[in-house]
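The values are calculated or read from the model by the stated rules, or taken from the named source; none is laboratory data. None of these values were measured; they are calculated from a predicted model. All Cβ positions, even for glycine, are placed from backbone atoms using ideal geometry, and neighbour counts span all protein chains on display.
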Amino acid sequence: MASIKVLNGNAAAAEAVGQVHPDVVVSNPAAPASPILEKLASFIADGRLDAEMINAESAYSAISACIGASAAGGRVFSAASSQGLAAMHELLFIASSLRLPIVAAVANRALSAPLNIHADHSDAMAQRDCGWIQIFSENSQETYDNIIQAFKIAEHPEVKNPVMVGLDGFITSHEMANIWLEETGEVADFVGKCNPAYSLLDSDNPVTVGSIDTPDYYFEHKVLQLQGMENARKVIKEVGKEFGDRFSRYYGYFESYKLEDAEYAVVLMSSSAGAAKEVVDELRNNGAHVGLLKLRVFRPFPHQELKEALSHLKAIAVLDRVLTPGSYGGPLFNETRAALYDLEEKKPPLVFPYVYGLGGRDIDVNHFRDVFKDIEEKNMEKIEIKTGLAFINLRQ
């Protein structure tokens, strides 16, 4: 029977993993994701979780162990953050190219230097083209729900692709909140058993994994990998609906908040959506036509669905919690703007880039008020060419 517990995002992630019953948990702790692995270790020690815990000596070794365990046919989980995730970079490509359905929680944290252990999205965005599905969570409940769905998505026979689930470090990861925990048997039944495409331990059906791929076939294999990611578009929606039908919490690519009749909107990801919703409500009470789109799935990027949701707007502020030196705008801005580029029936809305919250800097309701005011003024001025980033929440 479902129950309500007060948990932070790390504990919620661990509870979800414990209910899914992985065969292998690989640990190389990195703050602020360490408590996820510590809690899973206690589950194993207490007999609550029958899994093998591998304590790796480095992040590189951790992702190597994940790859080996998954290629052997196991259901595999790990957790990472910041420099630890960056150290895995080389092998993240191998995990996705081999179509291994590993699931990893990423407590999103700033990359050094200077050293900072607080939230931003520079770690996950640096890995955005590694071939992993990327899902982001606003709060502890979404973290729990997303981890459960991640296993079902990753292991789907049409996908077979690794998934990383993001939660903002020291915000969602450590924020205590009431969340619904579903009954373990129900969760296990929802996810189902792991049915690997192959196993290195199956000596009766030997396979070659990781061999050299010369120009005559490398392209073909990359296309097959792409098909798995493209198939995930359909599967993510199906799994989100199935999850909602069973547990009454529905998920798609994004959450639209009062967008239907909006003229101006903010697009963002993760924990900052809560404050943004408060400002949307406040401005709506004062007669403003504003809304919000909180993106949940960054990879595969839902360009068609995003275009349909945003095309009627006059102006959009896209908020990236990452600095990308040398680029015009952050990853979320560039993806959103590209999705709106080829509108055929009407002129696309103006899209403005903002960078916020680097290294854990707070963003509050006053900042969102300023953003909505800013994009309305820019639209009234009919600005066609944007000439740089609007940084918000910088120390004066």
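For Arg128, are the conditions met, namely being surrounded by fewer than 24 Cβ atoms within 10 Å (Cβ to Cβ), within 20 Å of the chain's Cα centre (by Cα) and under 29 Å from Glu255 (Cβ atoms)? In short, yes.
For Tyr250, the criteria (1) farther than 30 Å from Tyr356 by Cβ; (2) without any contact (Cβ under 8 Å) to a residue 12 or more places away in the chain; (3) outside any helix (DSSP H, G or I) hold in every case but one, which is (1). What are the residues in region 118-164 that are of a type in the set (A, V, I, L, M, F, W, C), in contact with a Gly (Cβ under 6 Å, 6 or more places away or on another chain) and in a helix (DSSP H, G or I), if any? Answer for region 118-164, where residues must be of a type in the set (A, V, I, L, M, F, W, C), in contact with a Gly (Cβ under 6 Å, 6 or more places away or on another chain) and in a helix (DSSP H, G or I): just Ala124. For the structure I just gave you, tell me whether Ala309 is over 22 Å from Val165 (Cα atoms), in contact with a strand residue (DSSP E or B) (Cβ under 7 Å, 6 or more places away or on another chain), surrounded by fewer than 22 Cβ atoms within 10 Å (Cβ to Cβ) and modelled with pLDDT of 95 or more. Yes, satisfied.
All conditions in (1) under 18 Å from His367 (Cα atoms); (2) touching a helix residue (DSSP H, G or I) at 6+ places or on another chain (Cβ under 7 Å); (3) buried (at least 20 other Cβ atoms within 10 Å of the Cβ) hold for Val280, with the sole exception of (2). Considering region 13-101, the qualifying helices (runs of 4 or more DSSP H), each wholly inside and each with 2 or more residues that are within 30 Å of Phe219 (Cβ to Cβ), run over 59-71, 82-87, 89-97.
Among the residues making up region 162-175, those that are farther than 10 Å from Asn108 by Cα and more than 14 Å from the chain's Cα centre (by Cα) are His174, Glu175. Do we have any residue at all in region 316-339 that's part of a loop (DSSP other than H, G, I, E, B), over 25 Å from the mean Cα position of the chain (by Cα) and surrounded by fewer than 24 Cβ atoms within 10 Å (Cβ to Cβ)? Among the residues of region 316-339, not one is part of a loop (DSSP other than H, G, I, E, B), over 25 Å from the mean Cα position of the chain (by Cα) and surrounded by fewer than 24 Cβ atoms within 10 Å (Cβ to Cβ), which makes the answer no.
Taking every residue in region 334-354 that is of a type in the set (A, V, I, L, M) and pairing it with any residue that is assigned to a helix (DSSP H, G or I), at least 6 positions away or on another chain, the pairs with Cβ-Cβ distances below 6 Å are Ala339/His303; Ala339/Leu306; Ala339/Lys307; Leu340/Lys307; Leu350/Asn379; Val351/Arg337. Out of Val239, Val267, Val235, one residue alone is within 29 Å of Ser122 (Cβ to Cβ) and assigned to a strand (DSSP E or B). It is Val267. Screening Ala30 against (1) touching a Leu at 6+ places or on another chain (Cβ under 8 Å); (2) within 20 Å of Ala154 (Cβ to Cβ); (3) buried (at least 21 other Cβ atoms within 10 Å of the Cβ) leaves a single unmet condition, (2).
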